[in-house]
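Rule-based calculations on the coordinates, nothing more; no lab input. Since the structure is predicted, the reported quantities are computational estimates derived from the model, not experimental observations. A quick note on method: Cβ atoms are made from the backbone with ideal geometry, for glycine too, and the neighbour counts reach across all protein chains shown.
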2 protein chains.
Amino acid sequence: MQAAFRALADPTRRDILTALSTGEMTVQQLTERFPMTRAAVKKHLVVLEDGGLLTTRRQGRETFNKLHPEGLKPVTDWLNYFDQFWDTHLSALQSTLTQKD
Amino acid sequence: MQAAFRALADPTRRDILTALSTGEMTVQQLTERFPMTRAAVKKHLVVLEDGGLLTTRRQGRETFNKLHPEGLKPVTDWLNYFDQFWDTHLSALQSTLTQKD
DNA sequence: TTGACATGATACCATTTGGCACCCTAATTA
DNA sequence: TAATTAGGGTGCCAAATGGTATCATGTCAA
C-alpha cells in the first residue's frame with residue numbers, strides 16, 4: 001500500500017496513469033507527451049509498477065505499459081475508512097439544510 | 001490536490017489521520033503515540049494542514065488537531081475516475097463467474 | 001512572581017527524489 | 001551486414017524530505 005501511495009504522490013505519475021487510461025502505451029509514446037527525457041519517464045514507470053498501478057508487456061523491442069486499476073484498491077480501501085466521518089458531516093449538513101425548509 | 005496527495009504519501013501522516021479519526025488531539029498527545037520527537041510530529045501536522053486534511057484550534061497553551069475529512073475529497077474524486085476501468089474488469093469477472101454457474 | 005509545561009520556529013544533517021547525460025543491448029530494416 | 005530505433009541501466013546533481021537538537025514564546029499553577 002505504501003508503494004501505491006508513494007507512486008500517486010507525484011503529479012507526473014498521476015498524469016501518466018491518466019494517459020494510460022486511454023490504452024496501453026510504449027515508453028516512447030509516453031515520453032512524447034511529457035516535457036522530460038525518456039530516462040525520467042522510465043523511472044516514473046518503475047515507481048508506478050512497484051506500486052502495482054501498471055503492468056508491462058514486452059513485444060519485440062517495444063514495451064507496452066498498461067494501466068492496472070486494481071492496484072488502486074488498497075488506496076481507495078484506506079480512504080473509504082474515512083467516509084464515515086465525511087458522511088456524518090454530510091448528514092449534519094443535510095439536517096441543517098432541511099431545517100431551513 | 002497535490003498537497004493532499006503529498007500529505008498522504010507518508011505512512012506516519014496516514015497513521016496520524018487514523019489516530020485523529022477517534023477525536024481531536026494535541027501535539028503532545030500525538031507525540032506520545034509515535035516514535036519520534038515532537039518537532040517531527042509537528043512537521044507532519046503542518047504538511048497535513050497544508051493538504052487540507054486537518055484543522056487546528058488553539059485553546060490556552062494547547063493546540064488541538066482535528067481531522068478534516070472533506071480534504072480527502074479531491075483525492076477520492078481523482079481516484080473515482082479510474083473506477084470505470086476497475087468496474088469494467090469487475091463486470092467481466094462477474095460475467096465469468098456467472099457463466100460458471 | 002516563578003517555575004513548569006505546551007507549542008512554535010529554526011538550523012543542521014542524512015537520505016530520498018526527480019531529472020539529465022551517457023553507455024550498452026536488442027530488434028528492425030535498408 | 002550496417003545503421004537506425006526502442007529500451008534498460010547507471011552515475012551524477014540539485015532540491016525536497018524526514019528527523020533531531022535547540023532556542024524562544026506564551027500559558028498555567030503554586
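Structure notes:
- Rule-of-thumb Rg ratio for the protein assembly as shown [Cα; 2.2 N^0.38 Å; N residues]: 1.23
- Estimated inter-spin distance, A:T22 and B:T22, nm [label 7 Å along Cα→Cβ]: 4.8 nm
- Listed by chain and number, the aspartates and glutamates whose alpha-carbon sits under 16 Å from that of A:K73, ignoring those within fewer than 8 places in the same chain, are A:E49, A:D50, A:D83, B:D77, B:D83, B:D87.
- Using a Förster distance of 41 Å, the FRET efficiency for A:A39-A:N80 (Cβ separation, nearest 0.05): 0.65
- Alpha carbon convex hull of the range B:27-92, projected area averaged over orientations, nm²: 6.3 nm²
- With its label point defined 7 Å out from Cα along the Cα-to-Cβ axis, A:Q28 lies at 6.4 nm from the matching points of the other copies, in increasing order.
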